[in-house]
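Below: the structure, in structure tokens.
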Amino acid sequence: MKIQNPSGYKEGIAKAIDSFPGVKRRQDILFQSPNAIVMEDFAHHPVAVHETIHAVKKRFHGYKIISLFEPRSATSHRNVFQKEYSYSFIGSDLTILTEIHNLKKVSKDIRLDVKKLVQKLLKNSKTIPVYAKDPKELLVKLEKMIPQFTGQKILILAMSNGSFGGIYPRLVELARKHV
């Protein structure tokens, strides 16, 4: 039996790290201009949502943060985190939340109440919380609200563990128009 030289492992590890493309869907920038950024993130747990917003705000100081959130995962569907989510979006200037994806998957008695969450956000943070029944309605509402940020740098942070209804190309279009 041949024993490998530990330094050989170090070389292999170094090569692997150099060629590692990174983690997908963690603060992935889909579009960037001098006035607007569109970013996608996999955040769906309340702590991940909060920490992602905090990190983005720190990294892109001076940008108005527009958080878009689709409760889609098994974790985010349930009301066990109802209270935690009411503090997760602190740091966003505008937060648009869609109804949970596929309502039929979770019985009403254990389901996250997104409308109630919007009401809590009004009390617990400085963010402007907005409810949208689905990603399509989210786009309509976002398009109407973006003009309030005219002359300011914006960062649109889309958080979902799914496809978010395929809205990413449209978010990029909206960001391109922002001046």
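The values are calculated or read from the model by the stated rules, or taken from the named source; none is laboratory data. Every value quoted in this text rests on a predicted model; they were computed, and no experiment measured them. No Cβ is skipped: glycine too gets one built from the backbone with ideal geometry, and neighbour counts run over all protein chains shown.
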*What are the pairs, 6+ residues apart or on separate chains, where a residue within segment 153-174 that is touching a residue at least 60 places away in the same chain (Cβ under 8 Å) has its Cβ under 7 Å from a residue that is of a type in the set (S, T, N, Q) and part of a strand (DSSP E or B)?*
L157/S67; M159/S67
*What's the number of the condition G151 fails, among (1) in a loop (DSSP other than H, G, I, E, B); (2) over 14 Å from the mean Cα position of the chain (by Cα); (3) at negative phi?*
(3)
*Please state which one of K141, K153 is of a type in the set (D, E, K, R), surrounded by 13 or more Cβ atoms within 10 Å (Cβ to Cβ), at pLDDT 95 or above and more than 27 Å from T75 (Cα to Cα).*
K153
*Count - residues of segment 39-52 that are out of contact with any Asp or Glu (no Cβ under 6 Å at 6 or more places or on another chain) and assigned to a helix (DSSP H, G or I)*: 5
*Can you tell me which residue within segment 44-76, out of those that are surrounded by fewer than 18 Cβ atoms within 10 Å (Cβ to Cβ) and of a type in the set (V, I, T), is farthest from I90 (Cα to Cα)?*
T75
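Residue-by-condition table, conditions (1) of a type in the set (A, V, I, L, M, F, W, C); (2) surrounded by fewer than 17 Cβ atoms within 10 Å (Cβ to Cβ); (3) within 24 Å of I37 (Cβ to Cβ):
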| residue | (1), (2), (3) |
| --- | --- |
| R78 | no, yes, no |
| D93 | no, no, yes |
| E99 | no, no, no |
| D113 | no, yes, no |
| A158 | yes, no, yes |
| G162 | no, yes, yes |
| A175 | yes, no, yes |
*In segment 53-106, which residues are touching a Pro at 6+ places or on another chain (Cβ under 7 Å) and in a helix (DSSP H, G or I)?*
H77, F81, E84, Y85, S88
